[in-house]
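> Here it is, the structure, as structure tokens.
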Amino acid sequence: MSQRLKYISIYRISIIVWMSLKFLLQIFWFKKRHRIWDENTKRKWEDMLSKQAEEYRKKAVLLGGLLIKFGQFLSSRGDLLPQSFIKELEGLVDRVEPVPFHRSRHTIEEDWNAPIDEYLSSIEENSIASASIGEVYKAYLKDGTPVAVKVQRYRVRDTFRMDFKALRIVFWMLDRFTFYGKKADLQALYREVVRVISNELDFTMELKNGNHFKKRFSNFPNVYIPDYYTDLSTRRVLVMEWIEGTKITDLSFIKKHRIDREKIARTLFDLCVEQFLEAGMFHSDPHSGNLMLKEDGTVVVIDFGMVGEIKNEDANSLRKMIRGFILDDYDRVIESLQEMDFLLPNADTEKVKKLMKQTTDMYLDGNFDKLDAHMMNDMLGDLQEFVKEQPIQLPADYAFLGRATSIIVGVLSTVYPQIDLIRWGRPVIKEWMSGEDSSYSLYKEIAKETARPFLSLPRALVEFLEDGDKEREWKSYHQKNHLFHQYYLFYTLLSVLLTGLGAVALFYTMIVPVLPHLWIGGVLTGIGLTGFLVCSWNHLRMLKRIHHNRRNEG
């Protein structure tokens, strides 16, 4: 393709709109031809989507600009796109043909309002990295200090403005002629795309983000954030400290310098936990190219152009949502999703609650003694599929959070394949759930909520025995055992209370005539004690039977 054509508005818009229209027509024609969705049809459908994603990726590399960044944005949207499409886009590398150095030199001198050699003693003309927005060069200051100079690509702002126009047309077509118009708030999604990507076009935002993370993690063990040269940084030029090192996944480098792989993984794990669970900003593109490793094992984080933010109120809503899952309170889960604007206005909350419970029960029945990276990625994939099918639209920050989590899991498994995410994560989640930011700890919450199912048990048991629909719904062996388990707990607790009440009444009647006769307190104590023994005995028998059945099934 002629380089000049890339900067002609009508050409770029036509290419992008036509590609999108062709994809929509292919999908429409496929669904019209295939009325029965058997395994063969599903395989053809996946093949077609993979070919579309591959074509998009090639066009993105060819045109550059917004298509690459939008492709990366889409790769985080499991709530919108099928997994086969996302898988192809995940391989979309933000690496394009470098621009001629004289273009970058012109940008630097224009922003510095001075010749380049007034501030630099030298600069290498071959870029060390070339992405859709910027080129990175190695240079030296007047005092000989090596620095990395990131320069915005030639006419990148004009290119993105053209692509935003094309994207607006594509979103209009999707809104009018596809089910996405009902499934998603496409206007809000378009605004998010423009906001997120426009921020990357202003290097002063990356400078601000970098300084924020530098301060935030200044005392974090084994982690380093490069210094930025504020006086030399502008909207189109960013100057930062040069770091000698390699990608964090360079295993030969790790072996050569005898760096402890578990220690690297632990550092990275703790760093991400600090970002992903606490309110504040997080690095939303933590791939191995943005995570470097020094010879002494220090992890260096670079490139803060793409960041997300977890608001403080959302962090509390997340805690409340997880409590809801733990306590089997899906009304609370739905309330939390609504607080975070995850649910669309047309959402059938009762249906979403039912599907969430079914999905959660399915996972709880599994074996999670050890959660490795492969299982974690499978779970994230299942979660993406669930979200895609429901009236749920993730705000951009949380879509990026999911993407960042998936990327980090992949990096961790490469650096330290033996990682046990359950063992590492259990104390972290325990502390997070009962942290100071929470209005009350999980344990107090469990104590308070436990009374609710107890008080409703007798009524629930009657409904279970009398209501045919309820019986069909709860006919599984596991659900019945769970119900009677709570039933025995309720009456055991009631018996303990009755025993205590009778004993107190008996004691005080012997001192002060609280009751007219001593035997009343004795009878109450006896009934309570008998009830406690009977319920405890039957409960133990039931637990032994369940254990025996499980062993036989195993």
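FYI, it's all coordinate maths here, none of it is from the lab. Since the structure is predicted, the reported quantities are computational estimates derived from the model, not experimental observations. Cβ sites come from the backbone with ideal geometry, for glycine too, and all protein chains shown count toward neighbours.
> Spin-label point model (7 Å from Cα, Cβ direction): what's the residue 357 to residue 422 distance in nm?
Simple spin-label model gives 2.6 nm for this pair.
> Does the range 206-277 come out rounded, prolate or oblate, given a ≥ b ≥ c as the square roots of the eigenvalues of its C-alpha gyration tensor, rounded meaning a/c under 1.5 and, failing that, prolate meaning a/b above b/c? Could you put the intermediate results ahead of the total?
On the way: a/c = 2.81, a/b = 1.55, b/c = 1.82.
Taking the square roots of the gyration eigenvalues as a ≥ b ≥ c, the range 206-277 is oblate.
> On a 18 Å Cα-Cα criterion, which of the cross-link pairs 6/58; 31/69; 320/357; 6/59 come out too long? Write out the running numbers ahead of the final one.
Numbers: 6/58 14 Å; 31/69 30 Å; 320/357 16 Å; 6/59 11 Å.
Distance filter (> 18 Å) returns 31/69.
> Please give the FRET efficiency for residue 143 paired with residue 106, using the beta carbon to beta carbon distance and R0 = 25 Å, rounded to the nearest 0.05. Provide the component values of the computation, followed by the final result.
Working: r = 25 Å, r/R0 = 1.01.
The calculated FRET efficiency here is 0.50.
> If amide H atoms are built 1.01 Å from N in the plane of the peptide, which residues on other chains or at least 5 residues away come under 5 Å of the amide H of residue 64?
Close amide H contacts, sequence-distant or interchain: none at all.
> Return the FRET efficiency for the residue pair residue 9, residue 270: r is the Cβ-Cβ distance, R0 is 56 Å, and the value is rounded to the nearest 0.05. Mind dumping the intermediate values first?
Working: r = 48 Å, r/R0 = 0.85.
The formula returns an efficiency of 0.75 here.
> With label points built 7 Å along Cα→Cβ from the Cα atoms of residue 126 and residue 231, find their separation and express it in nm.
Using points 7 Å along Cα→Cβ, the separation is 3.3 nm.
> Determine, from the Cβ-Cβ distance of residue 256 and residue 34 and an R0 of 60 Å, the FRET efficiency 1/(1 + (r/R0)^6), rounded to the nearest 0.05. Write down the numbers at each step before the final one.
Values: r = 54 Å, r/R0 = 0.90.
After rounding to 0.05, the efficiency reads 0.65.
> A further question on this structure: Using modelled backbone amide H atoms (1.01 Å from N, in-plane), which distant-in-sequence or interchain residues come within less than 5 Å of residue 300's amide H?
Here the answer is 224, 292, 293, 294, since their amide H atoms fall under 5 Å of that of residue 300.
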